[in-house]
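Structure record follows, encoded as structure tokens.
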Amino acid sequence: MALLEALGVFVAKKGHPAARKTKKTPTVGTGGHGRQALEGKGPTPKAEDRSWHPAGKRKAAKDRLASAQARHGASSSPAPARRTVRPLSADTELVTGRNSVLEALRAKIPAVSLHVATKIDMDDRVRETLALANKRGLPLLEIPRPELDRMTGPDTVHQGIALSVPPYNYVHPMELADKAEKHTATPIFVALDGVTDPRNLGAIVRSVAAFGGNGVILPKRRSVGVNAAAWKTSAGAIARTPVAMAANLTQTLKAFQERGYMVVGLDGGGDVPTPGMDFGAAPVVLVVGSEGKGLSRLITETCDAIVTIPISSNAESLNAGIAASVVLYEITRGRFLAGKSL
């Protein structure tokens, strides 16, 4: 070593800094993984393309409904556009129930939109309803069942479907008579005096349709109108049986009398029992009073006769809907036995 130092060759001794190992050994690389992580994951998908997002769930539900329509043959034409429907206005009514909605669409009454519950059980009525709505180009909105429950109210059985309709378009009583007299010489009408329960109205309209009646007349004041509850109770019969609005019921009944109609009042205190009443072959206006107060004084004085229904002492009275049905049956039964067609 002394010889090497004498020749000018530097020899590192143990413990000298130059003796430390300075060159690193080669290590395995990452293959660019870090660089890819820094590049990001690209643009964020749209809300409707993310299955966990509420918008994505709504899109999936709409796709399921379209698939169900195609699978069950609801319509061979394209499905109606699913677009946002404006909130229901204060005067808009909801016709609920499969029979009621279907009958309303069959009768081509004006409608705003059709609401269908998510995952609704498809049957013939639903399929025909979807087909008619599609044909008319009505907006179809699929909504969760709890939302449909909220829209229709806690006491309504909507069966997963509801039709939004504008306010009912009442006809004039004399227009109603003119139309009926073109088809029969002995029309039957039912007028309501002080009936305020919409379920009674719906039941009476349904009975009028069942027994061949030609329409129902409502007074403008102190009376129920055609609303969602009446639509529901009538099971869609309101779509086939016209309802008129009278500004003055007393004057309207007198106008019918001038045209040859027999105006018959129905009241618990009537003096003629229904089975003994001869309604004959004349056209009839049956006036039904409220269950509690019965017929008003002016209406009672205007009627040609006041009939009553004999009932057992176990019951105080019948509600307006049932009472009207009994008398309508007696009228049509008498005409049937006399050889008159309904």
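Every number here is computed from the coordinates shown, using simple stated rules; none is lab data. Only a predicted model underlies this, so the values are computations on that prediction, with no experimental measurement involved. Here the Cβ is made from the backbone with ideal geometry for all residues, glycine too, and neighbour counts use every protein chain on show.
How would the range 173-337 be classified by its alpha-carbon gyration tensor: rounded, prolate or oblate, with rounded meaning a/c under 1.5 and the a/b versus b/c comparison settling the rest?
Taking the square roots of the gyration eigenvalues as a ≥ b ≥ c, the range 173-337 is rounded.
With θ set to phi - 60°, apply the Karplus curve 6.51 cos²θ - 1.76 cosθ + 1.60 along the range 128-145 and write out the HN-Hα couplings as whole Hz, x wherever there is a Gly or Pro.
Once θ is set to phi - 60°, the couplings for the range 128-145 become 5, 4, 5, 5, 5, 5, 4, 5, 7, x, 6, x, 10, 10, 8, 10, x, 4 Hz.
Just in the range 109-177: which trypsin sites (Lys or Arg not before Pro) are loop by DSSP and have at most 14 other Cβ atoms within 10 Å?
Lys119
What's the magnitude of the charge dipole for the range 244-330 around its Cα centre, counting Lys and Arg as +1 and Asp and Glu as -1 at the beta-carbon? Answer in Debye, nearest 20.
The dipole magnitude comes to about 240 debye.
Just check the range 149-237 against the gyration tensor rule for me: Cα atoms, a ≥ b ≥ c as the square roots of the eigenvalues, rounded for a/c under 1.5, and otherwise prolate or oblate depending on whether a/b exceeds b/c.
prolate
Could you derive backbone 3J(HN,Hα) for the range 301-317 from the dihedral phi with the Karplus parameters 6.51, -1.76 and 1.60 (θ = phi - 60°), listing whole Hz in sequence and x where the residue is Gly or Pro?
5, 7, 5, 6, 7, 10, 9, 9, 10, x, 9, 5, 6, 6, 10, 6, 6
Write out the trypsin sites (Lys or Arg not before Pro) in the range 245-308 meeting two conditions: DSSP loop, and at most 16 other Cβ atoms within 10 Å of their Cβ.
Arg259, Lys293
At 7 Å along the Cα-to-beta-carbon direction for both Arg125 and Ala255, put a label point, then send me their distance in nm to one decimal.
If labels sit at Arg125 and Ala255, their model points lie 3.7 nm apart.
Once amide H atoms are built 1.01 Å from N in the peptide plane, which residues 5 or more positions from Val287, or in another chain, come under 5 Å H to H?
Ala191, Val264, Gly265, Leu266
Could you derive backbone 3J(HN,Hα) for the range 286-292 from the dihedral phi with the Karplus parameters 6.51, -1.76 and 1.60 (θ = phi - 60°), listing whole Hz in sequence and x where the residue is Gly or Pro?
Per-residue couplings from phi come out as 8, 9, 10, x, 6, 5, x Hz.
Can you order the peptides 94-101, 314-321 by their average number of other Cβ atoms within 10 Å per residue, highest first?
So the peptides 94-101, 314-321, ranked by packing, come out 94-101, 314-321.
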